[in-house]
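Novice: Right, I'll just put the structure down here and ask away after.
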Amino acid sequence: MLADILKDNRLILASSSPRRQELIKGLGLKVEIRVKPVEEKYPEHLKHFEIPDYLAELKSMPFEDTLTPNDILITSDTIVWLKNTAMGKPMDVNEAFQMLKSLSGQTHEVITSVCFKSTEKIKIINSTTKVTFKQLNDSEINFYIKNFKVLDKAGSYGIQDWIGQIAVTKIEGSYFNVMGFPMDKIYDTLLTF
């Protein structure tokens, strides 16, 4: 259905995330993957959803001069929000351990923003999901860090991984949002964009 509506458009996903690529292709869409490096820095006064909103739009800027009239560019960013603090991707395994330790026994929010850009318009959407972790012991955290890729994930975890199976006790909102792409909102936005 969506593929028919967008048949005259070229979708460009500016993300190296295999999860995002898999999810968008799951809608039956042909997507061109293009990645341009961006320094993911944001003004300190930004809070909550303002941070990934800003970063998703920032990631779209290097593409502005290359878009043609039938292109729809999709960029996104995900953060974990805990106690008024944003967690992005960890710098190293020590920071990953500290992040997971702080999420242990707590409820946090996963916020993903998605920017849709064409030559004529821009639209930014965001989605927030509350995730509750059980109390994790150090050996569980160390096992996860040692056996799974944690450095490319906001908050140092992927809900689809082992840690999601053993640690998540409650989720309120979109599961796919926690994976990094709120598919329900992306679908609705592409229907009308």
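Novice: What do you reckon, is Thr107 among the hydroxyl-bearing types (Ser, Thr, Tyr), over 20 Å from Pro52 (Cα atoms) and over 17 Å from the mean Cα position of the chain (by Cα)?
Specialist: Here the answer is no, as Thr107 does not meet what is asked.
Novice: Those residues that are within 14 Å of Lys130 (Cβ to Cβ) and either of a type in the set (A, V, I, L, M) or in a loop (DSSP other than H, G, I, E, B) (or both), I need them from the stretch 160-181; list them, please.
Specialist: Val168, Ile171, Gly173, Ser174, Val178
Novice: Hey, among the residues in the stretch 94-140 that are among the acidic types (Asp, Glu) and farther than 30 Å from Met61 by Cα, which one's surrounded by the most Cβ atoms within 10 Å (Cβ to Cβ)?
Specialist: Ranking the candidates gives Glu140 first.
Novice: Here's something else I'd like to know. In the stretch 153-173, what residues are closer than 25 Å to Tyr54 by Cα and surrounded by fewer than 14 Cβ atoms within 10 Å (Cβ to Cβ)?
Specialist: Glu172
Novice: Somewhere in the stretch 135-151, is a residue within 25 Å of Leu11 (Cβ to Cβ) and either part of a strand (DSSP E or B) or of a type in the set (S, T, N, Q) (or both)?
Specialist: Checking the stretch 135-151: not a single residue is within 25 Å of Leu11 (Cβ to Cβ) and either part of a strand (DSSP E or B) or of a type in the set (S, T, N, Q) (or both).
Bear in mind that the values in this text are calculations on the coordinates, not laboratory data. This is a predicted model, so every value here is computed, not measured. Neighbour counts run over all protein chains shown; Cβ positions are idealised from the backbone, glycine included.
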